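Let me begin by presenting the structure, written as structure tokens, before commenting on it.
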Amino acid sequence: GAVVSQHPSWVICKSGTSVKIECRSLDFQATTMFWYRQFPKQSLMLMATSNEGSKATYEQGVEKDKFLINHASLTLSTLTVTSAHPEDSSFYICSAPARGDTQYFGPGTRLTVL
Amino acid sequence: DAKTTQPTSMDCAEGRAANLPCNHSTISGNEYVYWYRQIHSQGPQYIIHGLKNNETNEMASLIITEDRKSSTLILPHATLRDTAVYYCIVRPGGSGTYKYIFGTGTRLKVLA
């Protein structure tokens with residue numbers, strides 16, 4: 001139990017385009033989900049907290065107009081990278097709390113912007 | 001900033017126990033210690049967590065010192081598939097959802 005999925009697992013896009021990444025909790029509901037970014041050989045960096053039915057909370061230094069988060073249901077949060085540039089290329093990971101607030105992570109989405 | 005410090009890397013022989021230390025000297029009384037691992041190009045995988053008592057599950061054991069300022073994750077019989085980055089995280093207790101702040105973790109390499 002407590003499975004989190006992400007789609008797509010990888011995506012390549014051209015500079016200037018927007019990319020949407022989905023995060024789903026498959027066997028539990030999550031009013032809160034978290035989005036992280038990870039650059040090669042670095043640790044996970046928390047980007048934002050996604051809240052079902054309300055606005056996301058962004059960490060300091062993360063541009064909310066560039067990284068749009070929508071938490072439309074209790075099992076789905078989406079991260080849209082708008083006007084992507086090569087420096088946005090990274091590994092994006094989501095997580096959701098279940099079973100007494102232990103967080104479970106998705107498999108990640110690798111974004112490459114050309 | 002992360003509230004934990006871990007060695008950057010460790011090696012362990014296959015079949016031997018891997019002991020991964022974590023320092024969390026500023027931990028508060030109601031904060032839990034969580035351990036995750038991340039295998040290359042995957043999302044972190046939950047391993048174990050504890051408050052003050054030692055814990056054991058099918059994956060590992062967690063030993064927390066009496067003063068709670070440090071802990072050790074033990075993989076009793078390491079295999080090559082245990083090669084990963086291991087993260088120790090401190091998070092508040094009580095009800096509610098709390099964000100995780102990841103430190104640099106320990107890169108464990110299990111050697112054949």
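We did not get these values from a lab; they are worked out from the coordinates using the rules stated. Since we're looking at a predicted model, the values are computed, not measured. Cβ sites come from the backbone with ideal geometry, for glycine too, and all protein chains shown count toward neighbours.
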- [ ] Tell me which residues, restricted to region A:62-114, are small (G, A, S) and either surrounded by fewer than 19 Cβ atoms within 10 Å (Cβ to Cβ) or free of Cβ contacts under 8 Å to residues at least 24 places away in the same chain (or both).
- [x] A:A72, A:S73, A:S83, A:S89, A:G100
Task: Lone unmet requirement of (1) within 14 Å of chain A (Cβ to nearest Cβ); (2) under 14 Å from the mean Cα position of the chain (by Cα); (3) touching a residue at least 12 places away in the same chain (Cβ under 8 Å) for B:S71 - done: (1)
- [ ] Would you check which residues across region A:13-63 are basic (K, R) and either closer than 18 Å to A:F105 by Cα or assigned to a strand (DSSP E or B) (or both) and list them?
- [x] A:K20, A:R24, A:R37
Open item on the list: Kindly evaluate A:A56 against the criterion of being over 12 Å from the mean Cα position of the chain (by Cα), within 13 Å of chain B (Cβ to nearest Cβ) and surrounded by 14 or more Cβ atoms within 10 Å (Cβ to Cβ).
Closed with: no
Task: Test: residue in region A:75-92 that is touching an Asp or Glu at 6+ places or on another chain (Cβ under 7 Å) and among the hydrophobic types (A, V, I, L, M, F, W, C) - done: yes
- [ ] Mind checking which strands (runs of 3 or more DSSP E) fall wholly inside region A:65-114 and carry at least 2 residues that are touching a strand residue (DSSP E or B) at 6+ places or on another chain (Cβ under 6 Å) and aromatic (F, W, Y)?
- [x] A:90-98, A:102-105
